[in-house]
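Input: a single structure, listed below in structure tokens.
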Amino acid sequence: MFKDKILELKKTGDFVILAHNYQIPEIQDVADFKGDSLELCRISQDVDAKYIIFCGVNFMAETAAILKPDKTVLIPDDTSKCPLAAMLPAERIKEARKKYPEAAVVVYVNTLAEAKAEADITCTSANPVKVVNSLEEETILFGPDKNLAWYTQKHTDKKIIPLPEFGHCRVHEFMITKEDILKMKKEHPDASVLAHPECTPEVQEIADYICSTSQMIKKAIDDEEFIIGTEKEMCYRLKKEFPEKEFYCIEKAVCTNMKKHTLPKLYNVMKKKDKVVKVDPDIAKRARKAIERMMELG
Ligand code: 13P
Ligand code: SF4
């Protein structure tokens with residue numbers, strides 16, 4: 001019923017619905033665009049509709065609001081926040097800059113706007129090595145995810161300093177273990193293992209490929225069977241794209257914040273146009289510079 005009402009409202013042409021790959025199936029099914037953080041950043045830049053409805057955690061919606069200050073960005077549930085993003089307050093970056101004045105600061109898009117405003121450039125899980133290698137500086141303060149920092153260090157000669165040392169996503173750190181993957185490999189010996197770079201080094205080391213969520217879709221062209229080391233809803237997205245292939249996800253790997261958006265909440269926000277995502281204009285201006293610098297890399 002809510003699905004029909006949402007589809008009816010969409011006919012006005014006022015809305016574009018963006019959904020991250022971890023959204024519940026019902027939300028993915030009504031979205032205009034689905035993608036990873038980088039893809040959704042790019043799409044939000046080209047949006048024509050009056051309202052961008054962002055079904056993802058709030059740093060993603062903030063990024064859309066930063067890139068499109070003339071549009072109204074709405075979020076169905078404004079308590080949908082990424083705990084990883086909260087691990088790097090802007091103050092911590094300022095302190096680290098004093099300690100390492102020669103270093104550049106690269107922040108993952110999974111950060112609050114205030115942290116992006118203090119950074120030289122942002123990166124996503126799809127491009128950290130490219131971003132780091134594009135910089136002149138040889139020392140890089142990199143945060144907040146320590147596992148993404150580990151992955152980046154493995155693929156660059158620059159010195160990567162994780163900021164903070166403990167930053168992690170609880171889904172990828174604790175709900176996707178080496179043991180889980182080994183057990184699945186026993187059950188599905190022909191499957192390739194695709195793991196997100198937020199997974200621990202032990203998981204990354206036994207994976208066949210390390211990919212952002214959208215890179216997983218590209219990689220899925222190559223084989224027939226896959227073990228997916230990321231949030232479990234990724235399998236819904238993959239199965240939709242490749243109905244003839246097999247994808248095995250870890251059912252306990254659930255990001256509860258991503259799951260806060262539901263069809264009734266989506267319909268409500270389209271009707272009421274409340275829950276507007278706002279970013280302080282000065283912070284937005286500085287954060288935009290860091291995001292656009294990344295996007296210029298292509
Ligand atoms: P992606 O950009 O790969 O979709 O990752 C975002 C995220 O939050 C992973 O947990
Ligand atoms: Fe944040 Fe982890 Fe959820 Fe991604 S899966 S939004 S990093 S808590």
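The values are calculated or read from the model by the stated rules, or taken from the named source; none is laboratory data. On a predicted model such as this, the values are computed, not experimentally measured, just so you know. Ideal geometry is used to build each Cβ from the backbone, glycine not excepted, and the neighbour counts take in all protein chains shown. Quick note on the areas: whole protein, heavy atoms, side chains included, nothing else; ligands and nucleic acids left out. Shrake-Rupley method; radii C 1.70, N 1.55, O 1.52, S 1.80 Å.
Side notes on the structure shown:
- Of the helices (runs of 4 or more DSSP H) contained entirely in segment 5-100, those carrying at least 1 residues that are under 30 Å from PHE174 (Cβ atoms), free of Cβ contacts under 8 Å to residues at least 40 places away in the same chain and away from ligand 1 (no atom under 16 Å from the Cβ) fall at 25-30, 90-99.
- Restricting attention to segment 139-166, the residues that are open to solvent by less than 60 Å² (accessible area, probe 1.4 Å) and either away from ligand 1 (no atom under 16 Å from the Cβ) or of a type outside the set (Lys, Arg) (or both) total 19.
- Any chance TYR108 is at pLDDT 95 or above, among the aromatic types (Phe, Trp, Tyr) and crowded, with 18+ Cβ neighbours inside 10 Å: yes
- Evaluation of LEU182 against the conditions (1) within 30 Å of PRO101 (Cβ to Cβ); (2) free of Cβ contacts under 8 Å to residues at least 40 places away in the same chain shows that the sole unmet condition is (1).
- Residue within segment 65-85 that is polar (S, T, N, Q) and farther than 21 Å from GLU26 by Cβ present: yes
- Within segment 101-118, if we keep just the residues that are within 12 Å of ligand 1 (Cβ to nearest atom) and assigned to a loop (DSSP other than H, G, I, E, B), the residue that is nearest to ILE291 (Cα to Cα) turns out to be VAL109.
- All helices (runs of 4 or more DSSP H) inside segment 119-226 with 1 or more residues being in contact with a Gly (Cβ under 6 Å, 6 or more places away or on another chain) and under 28 Å from ARG293 (Cα atoms): 146-154, 213-219
- Scope segment 239-296; condition exposed (fewer than 13 other Cβ atoms within 10 Å of the Cβ) and closer than 26 Å to THR122 by Cα; matching residues: THR256, LYS278, ASP280, PRO281, ASP282, GLU296
- In segment 177-222, residue modelled with the lowest pLDDT [restricted to those that are open to solvent by 10 Å² or more (accessible area, probe 1.4 Å) and of a type in the set (Val, Ile, Thr)]: ILE221
- Screening the candidates LEU148, LEU135, LEU112 for the property of being away from ligand 2 (no atom under 16 Å from the Cβ), among the hydrophobic types (A, V, I, L, M, F, W, C) and without any contact (Cβ under 8 Å) to a residue 60 or more places away in the chain yields one hit, LEU135.
- Single unsatisfied condition, CYS169 versus (1) out of contact with any Asp or Glu (no Cβ under 6 Å at 6 or more places or on another chain); (2) within 16 Å of ligand 1 (Cβ to nearest atom); (3) among the hydrophobic types (A, V, I, L, M, F, W, C): (1)
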